[in-house]
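Below is one structure; the comments refer to it alone.
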Amino acid sequence: MPGVTGPSDYSREPPRHPSLKINAKEPFNAEPPRSALGAAYVTPVDLFYKRNHGPIPIVDDIHSYSVSITGLIENPKQVFFKDIMALPKYNVTATMQCAGNRRTAMSQTRTVKGVGWDVSAIGNAVWGGAKLADVLELVGIPKFTGATKSGGKHVEFVSVDRCKEENGGPYKASIPLIQATSPDADVLLAYEMNGEIRFILLQNRQGKTRLAKYYVPLEDSEKHKVEYEVHRLVVNRDPKFTNFVEFRTHKVIYRRYAGLFFSLCVDITDNELAYLECIHLFVEILDHFFSNVCELDLVFNFHKVC
């Protein structure tokens, strides 16, 4: 698949939270402590249970990353990540659970095959993405379709990773097409979990960007537009107003320290006060590192700040 590879071994696995209880190392399957599930309504990403069937796929180039939509349809197509990002975004709060949750307890009565999960292979998260019904419209499948002209009645999802339990093949699952094409159903092609910071900007009053960190793929020309628009938005805003303002389909949360504006772009439903606190904490860390940080520290040491 363009832009992403499925490794053949486990040498490039990501770091994991040390408190996770590991039930299998390769492929990696682990669950958080029971106490973590009751600590918050939304389960933190690093404490969400990990269920894998093979090595973690590696995204090599987000700009060329695409999803192949093929099969019993009239217009098979490669849908790129930027195409999906251009669709309306929806957030759905949903609980996920592994089918093997509590398997160790079941095995005390009768042996059950599979990973030996305790009770924490479950988590609640806020998933963000495009509705699958909107994505399927990109290949000519209308909403509320129960079958394609070629007779397709299900949407099958095929993984990139190669699974030992599937004899080296991909992992697959499917749902009915009528459910996938319903705009009323909470079926997402999710690209975000528990919200995320889209970008961080540090700018002076004159509009010079001293630090820019982007967590979503944007072309250079688009980044310049974003930086120009955000600067105008925060510099010209009346100090009597709040430190958060709508920006396109998201919102910018900002604070001014001396001659610098620290701006974060986040989801429209995210907690503003939490991000204001994050900005303040970031500034305190910079102050501690540089012994009272100033703009020149950022100009000549931006590689350390990043």
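For this structure, a couple of remarks:
- Exclusive hit being under 21 Å from the mean Cα position of the chain (by Cα) and at pLDDT below 90, set A274, A258: A274
- Scanning region 112-151 for residues that are of a type in the set (D, E, K, R) and either touching a residue at least 12 places away in the same chain (Cβ under 8 Å) or closer than 17 Å to S68 by Cβ (or both) returns D118, K131, D134, E137, K143, K149.
- Any chance D83 is within 21 Å of M193 (Cβ to Cβ), under 19 Å from the mean Cα position of the chain (by Cα), among the charged types (D, E, K, R) and open to solvent by less than 70 Å² (accessible area, probe 1.4 Å): yes
- For region 208-220, filtering for residues that are open to solvent by less than 100 Å² (accessible area, probe 1.4 Å) and modelled with pLDDT of 90 or more leaves 2.
- The C-beta contact set for region 1-21 (first residue closer than 19 Å to K50 by Cα, second residue among the polar types (S, T, N, Q) and assigned to a loop (DSSP other than H, G, I, E, B), distance under 8 angstrom, 6+ apart or interchain) comprises K21/S120.
- Pairing each residue of region 58-85 that is without any contact (Cβ under 8 Å) to a residue 12 or more places away in the chain with any residue that is open to solvent by 60 Å² or more (accessible area, probe 1.4 Å), provided the two are 6+ apart or on different chains, yields C-beta distances under 7 Å for T70/P76.
- L136 vs. criteria over 30 Å from E31 (Cβ atoms), modelled with pLDDT of 95 or more and aliphatic (A, V, I, L, M): yes
- Across region 128-139, the number of residues qualifying as out of contact with any Phe, Trp or Tyr (no Cβ under 8 Å at 6 or more places or on another chain) and open to solvent by less than 50 Å² (accessible area, probe 1.4 Å) comes to 6.
- The residue that is most open to solvent (accessible area, probe 1.4 Å), counting only those in region 234-292 that are of a type in the set (A, V, I, L, M) and touching a helix residue (DSSP H, G or I) at 6+ places or on another chain (Cβ under 9 Å), is A258.
- Sole exception among (1) out of contact with any Lys or Arg (no Cβ under 7 Å at 6 or more places or on another chain); (2) modelled with pLDDT under 95; (3) surrounded by fewer than 16 Cβ atoms within 10 Å (Cβ to Cβ); (4) on the phi < 0 side of the Ramachandran plot for P170, by number: (1)
- Scan of region 156-185 for residues that are under 22 Å from T93 (Cα atoms) and assigned to a strand (DSSP E or B), ordered by number: F157, A173, S174, I175, P176
- Counting residues in region 47-65 that are farther than 23 Å from I197 by Cα, exposed (fewer than 15 other Cβ atoms within 10 Å of the Cβ) and in contact with a Lys or Arg (Cβ under 9 Å, 6 or more places away or on another chain) gives zero.
- Out of V79, V42, sole residue that is among the aliphatic types (A, V, I, L, M) and closer than 30 Å to G151 by Cα: V79
The values are calculated or read from the model by the stated rules, or taken from the named source; none is laboratory data. All values reported here derive from a predicted model rather than from experimental measurement. Cβ sites come from the backbone with ideal geometry, for glycine too, and all protein chains shown count toward neighbours. Just so you know, the surface numbers come from the protein's heavy atoms only, side chains and all, with ligands and any DNA or RNA stripped out. Shrake-Rupley method; radii C 1.70, N 1.55, O 1.52, S 1.80 Å.
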